[in-house]
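Visitor: Okay, here's the structure, questions in a sec.
Coordinate-derived values only; no laboratory data. As the structure is a prediction and not an experimental result, all values here were calculated from the model. No Cβ is skipped: glycine too gets one built from the backbone with ideal geometry, and neighbour counts run over all protein chains shown.
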Amino acid sequence: MNFWQFSVSHQKEIWAATREHLTLVFIAMLIAVAIALPLGMFIVGRPRLQSIALGLANIFQTIPSLALFGFLIPIPFLGGIGTRTAVVALVLYALLPILRNTCVGLSGVDPVILEAAEAMGMTERQILFRVRVPLARSILIAGIRTSTVITIGVATIAAAIGAGGLGVFIFRGVAMVSNAVILAGAVPAALLALAADYLLGWLERRLRVG
Amino acid sequence: MSSQTIAGAGASGDPIIEFRGVSYSAGSNGAKPILDGISLAIRSGETVVLLGKSGAGKTTLLKLVNRMLVPSSGEVFVEGQATATWDVIRLRRGIGYVIQHVGLFPHFNVRRNVTLVPSLEKWSKDRQEKRYAEVMQLVGLDPREFGKRLPNQLSGGQRQRVGVARALAADPPILLMDEPFGALDPVTRADLQKEFHELAERLGKTIVLVTHDLREALLLGSRIVLMDKGRVVADASAESFPSLAQPLVQEYVASQQTTVEDS
């Protein structure tokens with residue numbers, strides 16, 4: 001059976017796996033953004049905290065993804081078998097690009113503009129939300145974009161700990177030594193990554209200032 | 001909101017800005033002295049030009065007024081109160097600030113840039129709109145034509161005009177200007193200097209302006225303070241300044257004359 005035949009005959013399953021995959025990625029990204037954006041805003045201008053936070057995020061990124069899923073299984077609350085563990089692992093992976101871009105973007109605002117803002121009597125908070133964030137927004141989106149693409153790829157490994165998603169086909173295909181089955185998972189995952197990259201790339205360009 | 005605000009002109013004969021024995025050093029342990037024991041009193045309505053070469057400490061002195069910098073020793077008084085004890089936000093909102101590279105917010109259109117301090121001060125929309133039109137006319141720009149433009153759609157001269165309008169928007173009694181016309185081409189600069197001179201006379205604000213250009217100092221200033229290596233070396237009215245005997249003043253006058261002849 002080739003890839004097309006398999007895809008047609010299993011289309012229901014593939015759609016279900018794609019939805020599962022998207023749900024995993026969406027939840028993980030939502031949490032990652034909710035952590036990394038405010039954290040980035042907090043640590044910018046605090047060099048010590050910034051190097052600690054970025055260092056930690058860096059460490060998570062360097063742990064091989066399969067190993068990270070494995071490490072999490074025995075941990076209470078966060079770990080175990082299934083979706084929750086997968087989401088935790090994906091969040092840990094997604095943090096770094098968002099955090100790094102938030103720091104770079106917010107601290108990269110033209111000092112002349114910041115000086116003017118300060119001299120006009122804007123408070124720290126006003127400078128953050130009315131000047132730094134709007135001027136850095138395309139860089140913030142770029143971080144989310146990188147993160148999303150990585151997460152879509154890494155999420156295929158979630159199948160290894162029973163979280164479902166398109167990885168199910170990939171693992172099954174590897175076990176069956178069937179390219180058709182592997183492709184049934186890999187091709188939709190690649191298409192999702194391309195689509196996310198394109199959409200967020202479009203948003204990034206739209207939000208660019210000046 | 002605090003009741004503490006800068007009252008402005010006519011409050012009394014006391015200086016509106018005063019430096020008392022102010023020194024400032026940069027670097028972590030004050031390794032680099034920049035200002036050395038400056039004492040200077042500026043009265044309401046004066047246009048004081050801080051003249052000097054780069055590195056003389058002019059910009060540093062200017063930034064001590066709105067507490068962008070804090071003196072290492074000595075005190076700076078605004079309206080008789082040490083800047084250290086001012087609510088810094090209130091202090092800054094009562095002092096207009098214009099810099100060479102303007103620093104307009106690139107994501108705000110001209111109207112939002114100009115009305116920034118009034119909007120921070122929560123003025124009503126009507127009052128903001130009225131003031132916007134007023135200050136734009138003061139700086140010679142059509143409020144309607146320019147309102148929706150972004151800073152990158154303006155020429156250098158227009159940008160500097162908007163910068164001045166923004167500084168004037170909340171009607172602050174004090175205006176600090178750091179090389180405001182320094183980044184402009186000579187023709188635009190001359191136009192703006194002339195217009196600003198007329199504007200300054202009309203507004204009667206206390207203006208402290210930094211420049212290294214004696215001609216600009218003589219045109220705009222009612223009083224010229226010459227600085228060198230962190231000290232005040234001469235302080236005189238614009239009329240009497242060029243005839244002061246100090247060697248540094250004469251050096252300045254002579255060098256300025258050569259540049260005039262050259263050009």
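Visitor: Enter the per residue convex hull volume of chain B, computed from alpha-carbon coordinates, in Å³ rounded to the nearest integer.
Guide: So the per-residue Cα hull volume is 141 Å³.
Visitor: Hey, how much of the P(r) for region B:100-172 falls beyond 17 Å, as a percent of Cα pairs?
Guide: That fraction is 32 percent.
Visitor: Under the rule of -39500 (n - 2.57) per DSSP H run of 4 or more residues, summed and divided by the residues of chain A, what mean residue ellipticity at 222 nm is obtained, to the nearest 500 deg cm²/dmol?
Guide: Counting only the DSSP helices, I get -25500 deg cm²/dmol.
Visitor: Run the quick spin-label model on A:VAL187 and B:LEU138: label points 7 Å from Cα toward the beta carbon, then report their separation in nm to one decimal.
Guide: If labels sit at A:VAL187 and B:LEU138, their model points lie 6.9 nm apart.
Visitor: Specify which residue in the list A:PRO111, A:SER178, A:ALA155 is farthest towards the positive end of the charge dipole of chain A, using unit charges on the beta carbon of Lys, Arg (+1) and Asp, Glu (-1), about the Cα centre.
Guide: A:PRO111
Visitor: Evaluate region A:100-173: find the radius of gyration of its Cα atoms, find its Kirkwood radius, and give the ratio Rg to Rh.
Guide: My calculation of the ratio gives 1.33.
Visitor: Add -39500 (n - 2.57) for each DSSP H run of 4 or more in chain B, then divide by its residues: what number comes out at 222 nm, to the nearest 500 deg cm²/dmol?
Guide: One gets -10500 deg cm²/dmol as the mean residue ellipticity at 222 nm.
Visitor: While we're here: Extent of chain A along each principal axis, from alpha carbon coordinates, in Å, largest to smallest?
Guide: Rounded to whole Å, the extents work out to 70, 39, 21 Å.
Visitor: How would you rank B:LYS205, B:LYS148, B:LYS122, going from fewest to most other Cβ atoms within 10 Å of each one's own Cβ?
Guide: With the fewest neighbours first, B:LYS205, B:LYS148, B:LYS122 line up as B:LYS122, B:LYS148, B:LYS205.
Visitor: If you don't mind, another one. What average number of partner chain Cβ atoms lie no more than 10 Å from the Cβ of the residues making up B:98-109?
Guide: The per-residue average across the peptide is 5.
Visitor: Sticking with this one: Determine one quarter of the surface area of the Cα convex hull of the protein assembly as shown, which equals its mean projected area, and express it in nm² to one decimal.
Guide: 30.5
Visitor: For A:VAL154, A:VAL149, B:VAL114, what ranking results if the residue with the fewest other Cβ atoms within 10 Å of its Cβ goes first?
Guide: In order of increasing Cβ crowding within 10 Å: A:VAL149, A:VAL154, B:VAL114.
Visitor: A follow-up question, please. Provide the convex hull volume over Cα atoms per residue for region B:8-111, in Å³.
Guide: Per residue, the Cα convex hull of region B:8-111 comes to 144 Å³.
Visitor: Now a separate question. For region B:99-141, report the % of Cα-Cα distances exceeding 16 Å.
Guide: Pairs farther apart than 16 Å: 39 percent.
Visitor: Going by C-beta contacts inside 10 Å, put B:HIS107, B:HIS197 in order with the fewest on the left.
Guide: The most exposed by this proxy come first: B:HIS197, B:HIS107.
Visitor: Related question: Can you give the average number of partner chain beta-carbon atoms within 10 Å of each beta-carbon in peptide B:146-153, as a whole number?
Guide: Mean shielding count: 1.
Visitor: Could you work out the mean count of beta carbons from other protein chains within 10 Å of each residue's beta carbon in A:34-41?
Guide: Mean shielding count: 0.
Visitor: Hey, if you put +1 on the Cβ of every Lys and Arg and -1 on every Asp and Glu Cβ in the protein assembly as shown, which of B:LEU61, A:ILE63, A:GLY165 ends up farthest toward the positive end of that dipole?
Guide: A:GLY165
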